[in-house]
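Here's the structure we're looking at; comments come further down.
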Amino acid sequence: DAEHFHREKRQRPPPDPTKNTCKMLVVADHRFFRYMGRKEESTTINYLIELIDRVDDIYRNTSWDTQYKGYGVQIEQIIVHKEPENVTSPKLHYNMAKNYPNENKDAWDVKQLLE
């Protein structure tokens, strides 16, 4: 006598329209401050605001499926590093003066930053 189990897929609740914005902490490292912000805090902050505003516009105008529309991002806090972090080997920091893994390059390996 075999028992049969009936499994039902749970219905996903409808999206909560009040929870459609991801708040972000946006960080500019010393290189971004120097090159993109031209060593000016206001220029750096305005650049970041405009960049995130464009990202938000893309997300808000994308329909992910019939129920998921109007999602976006919002800056909650901005941190601007004007100077590199003082780090001694073997420690690493995203805002350190030397680059990883190649100290001769003026940029980090993106994959390393995301890990």
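The values are calculated or read from the model by the stated rules, or taken from the named source; none is laboratory data. Being a predicted model, the structure only gives us computed values, none of them experimental. Please note: Cβ atoms are built from the backbone with ideal geometry, for glycine as well, and neighbour counts cover all protein chains shown.
Of all residues in segment 78-89, those that are within 13 Å of Thr44 (Cβ to Cβ), β-branched (Val, Ile, Thr) and not in a strand (DSSP E or B) total 0.
To keep it simple, each residue is scored yes or no on (1) outside the structural domain of Asn99 (by TED's automatic domain parsing); (2) modelled with pLDDT under 95; (3) in a helix (DSSP H, G or I); (4) of a type in the set (D, E, K, R).
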{"position": "Arg31", "(1), (2), (3), (4)": "yes, yes, yes, yes"}
{"position": "Ile45", "(1), (2), (3), (4)": "yes, no, yes, no"}
{"position": "Asp53", "(1), (2), (3), (4)": "yes, no, yes, yes"}
{"position": "Asp56", "(1), (2), (3), (4)": "yes, no, yes, yes"}
{"position": "Glu76", "(1), (2), (3), (4)": "yes, no, no, yes"}
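Scanning segment 33-43 for residues that are touching a Phe, Trp or Tyr at 6+ places or on another chain (Cβ under 7 Å) and part of a loop (DSSP other than H, G, I, E, B), we see that the one that is farthest from Asp109 (Cα to Cα) is Lys39. For segment 31-75, the set of residues classified as of a type outside the set (Phe, Trp, Tyr), within 30 Å of Arg12 (Cβ to Cβ) and in contact with a helix residue (DSSP H, G or I) (Cβ under 6 Å, 6 or more places away or on another chain) consists of Gly70, Gly72, Val73, Ile75, listed by residue number.
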